[in-house]
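One structure is given below, encoded as structure tokens.
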Amino acid sequence: MLDKLADIETRYEELERLLSDPEVMNDYTKIAEYSKERSNLQEIVDAFRLYKGQIDELEGARLMVADETDPDLLAMAGEEVAQLEASTDKLYEELKVMLLPKDPRDGKNVIVEIRAGAGGDESGLFAADLFRMYSYYATARNWKIDVIDQSDTGVGGFKEIKFEIRGKGAFSRLKFESGVHRVQRVPETESQGRVHTSTVTVAVLAEMDEVDVALNMNDVRVDVYRSGGAGGQSVNTTDSAVRFTHIPTGIVVAVQDERSQLQNKEKAKAILIARLYEIEVERQRSAQENERRSQVGTGDRSEKIRTYNYPQNRVTDHRINLTSYNLPAVMEGGIDEFIDELITRDQAEKLAAGESIA
């Protein structure tokens, strides 16, 4: 691991040299690329340098203990060694976590979809409660929230609500909220005071990437032929019509509108790029929809990631067996306790599996 960290530090120093190179300073594209890479490495390099400094301090403190004969000074030196050992061990563990592979979606904004599940009107009311909970959470983090679409139940709840949350690290924090949320409480319409169980499904999707279609003309077969026409002077007597066949997808684009073969080629290329763009957008939409379906399950009462029990004033996350006995605070956006533990558990599982960045 230390060799890997040393390689990262070497690359960081190389980037600093490149960013001060006069040739690079005149190339805005390279400046942006190198600056972004350096920024991504900054945190781990700072931590590694702090770790190396603490190792040096620890070695010096151990030498002091070995040479010290005065009992009082020896005790003080021993305490310093113990503190430095604990601090160094903690930093070492933090560095291991920093080396874990990053989810490329973690920095993205999110679209959250909340849908009422089992439980009728009570489920719709709890969907509204969850929407307020995430709104409070977003506001506390200075994230922006915008409702995209909603379908009301007519009694103050939502059959469905879809909203966007924009802010740094939104997906990294909220991705663990996907799944079935179960509520146990006495509905306002319940005359006999019986506790009902209802469910709401939550899907958290990273925003779709901006589609950038790069057309490789080596993948395109170009055929030219004579334009058709009604005859007379308007008939094009040269091979100006073109047909583009995109071999990987089988898309065929034929254009003969323009008199110039070059103009027809440019138009055919533009149309082909537009069609490839639509294919990529649809691919991303399909992948996002598949992810949404995998996140929410069926919405059945037996499926759950978290239970909100109002009579007992408790919230339990079943994935990590963590319970909070302050349900009102949770419903006001206090979900960091669960999210932090879910992130820690996820990191621990990755470490146990031996995952690390290349």
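The table that follows gives values for the structure above.
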{"quantity": "Per-region count, the range 271-311, residues modelled with pLDDT of 85 or more, part of a loop (DSSP other than H, G, I, E, B) and surrounded by 14 or more Cβ atoms within 10 Å (Cβ to Cβ)", "calculated": "3"}
{"quantity": "Which listed residue is of a type outside the set (D, E, K, R) and at pLDDT below 80, from 191, 260, 198", "calculated": "191"}
{"quantity": "Criterion (surrounded by 15 or more Cβ atoms within 10 Å (Cβ to Cβ) and in contact with a helix residue (DSSP H, G or I) (Cβ under 9 Å, 6 or more places away or on another chain)) met by exactly one of 176, 131", "calculated": "176"}
{"quantity": "Which numbered condition residue 103 fails, given (1) surrounded by 13 or more Cβ atoms within 10 Å (Cβ to Cβ); (2) farther than 26 Å from residue 45 by Cβ", "calculated": "(2)"}
{"quantity": "Cross-chain or 6+ apart pairs with Cβ under 8 Å, the range 245-270 first and part of a helix (DSSP H, G or I), then of a type in the set (Ser, Thr, Tyr) and buried (at least 18 other Cβ atoms within 10 Å of the Cβ)", "calculated": "261/240; 264/240"}
{"quantity": "Of all residues making up the range 37-84, the number that are of a type in the set (Val, Ile, Thr) and outside any helix (DSSP H, G or I)", "calculated": "1"}
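For every residue, the table says whether it meets (1) touching a residue at least 40 places away in the same chain (Cβ under 8 Å); (2) of a type in the set (A, V, I, L, M, F, W, C).
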{"position": "8", "(1), (2)": "yes, yes"}
{"position": "28", "(1), (2)": "no, no"}
{"position": "43", "(1), (2)": "yes, no"}
{"position": "50", "(1), (2)": "yes, yes"}
{"position": "56", "(1), (2)": "no, no"}
{"position": "59", "(1), (2)": "no, no"}
{"position": "63", "(1), (2)": "no, yes"}
{"position": "69", "(1), (2)": "no, no"}
{"position": "117", "(1), (2)": "yes, no"}
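The values are calculated or read from the model by the stated rules, or taken from the named source; none is laboratory data. As the structure is a computational prediction, the values presented were derived from the model and not from experiment. Cβ coordinates were reconstructed from backbone atoms using ideal geometry, including for glycine residues, and neighbour counts include every protein chain displayed.
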